[in-house]
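Colleague: Handing you this structure, nothing more for now.
The values are calculated or read from the model by the stated rules, or taken from the named source; none is laboratory data. Predicted model only: the values in this text are computed from it and were never measured. Here the Cβ is made from the backbone with ideal geometry for all residues, glycine too, and neighbour counts use every protein chain on show.
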Amino acid sequence: MPFKTKKRRKSGRQRGNTTYGHGARKKWKGSGHHGGIGMAGSGKRADQKKSLIIKLYGNEYFGKQGITSRATAKKINLVMNLKQIQSNLDSLMKKYGKNKELVLEDYKILGEGELKEKITIKANAFSESARQKIEKAGGKAILINDSEKEAKEN
């Protein structure tokens, strides 16, 4: 004779395994709440994901995108001191000069240091102290005009 066993009843408070660990059932349906999928959580504190994101998307993923105000274009002057010219004179002559004439058409020459050689320097601009030191050493400081640059390019 079989024993009668009392059927166990689930408590109404438990969600059971209908949600499969996703909380409320509505969170896991259709096109609603999709938290934690894909790139979610890759914001401010996602240091653990950064290497993965950079590998997949490159460095453009982080930072500001879109329309930003246009910054004022800064004029960048290449500068060189007399001290640098004196210490690197041999290599500069090979690259930029001939017959004791140094053509540094993109540079402004500044007066820090001393010049011991008698050379002619052609440059975009000179500081007053640099001009004096070059002439004191027996050389010449010649300005290259924009019209001369354009004539060379054409």
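Colleague: Within the group Ile119, Ile142, which residue is surrounded by 17 or more Cβ atoms within 10 Å (Cβ to Cβ) and outside the structural domain of Lys50 (by TED's automatic domain parsing)? Outline the logic, then answer.
Modeller: On the way: Ile142 fails: surrounded by 17 or more Cβ atoms within 10 Å (Cβ to Cβ).
Result: Ile119 is the single residue among Ile119, Ile142 that is surrounded by 17 or more Cβ atoms within 10 Å (Cβ to Cβ) and outside the structural domain of Lys50 (by TED's automatic domain parsing).
Colleague: Starting from the range 68-93, keep only residues that are without any contact (Cβ under 8 Å) to a residue 60 or more places away in the chain, then list their pairs with residues that are among the basic types (Lys, Arg) and outside any loop (DSSP other than H, G, I, E, B) whose Cβ atoms are within a distance under 8 Å, requiring at least 6 positions of separation or different chains.
Modeller: Between residues of the range 68-93 that are without any contact (Cβ under 8 Å) to a residue 60 or more places away in the chain and residues that are among the basic types (Lys, Arg) and outside any loop (DSSP other than H, G, I, E, B), the close pairs are Asn77/Lys108; Leu78/Lys108; Val79/Lys108; Met80/Lys108; Leu82/Lys133.
Colleague: State which residue pairs qualify: first residue in contact (Cβ under 8 Å) with a residue 24 or more places away in the chain and at positive phi and inside the range 102-128, second residue β-branched (Val, Ile, Thr) and surrounded by 14 or more Cβ atoms within 10 Å (Cβ to Cβ) in any location, beta carbons under 6 Å apart, and separation of 6 or more residues or different chains.
Modeller: none
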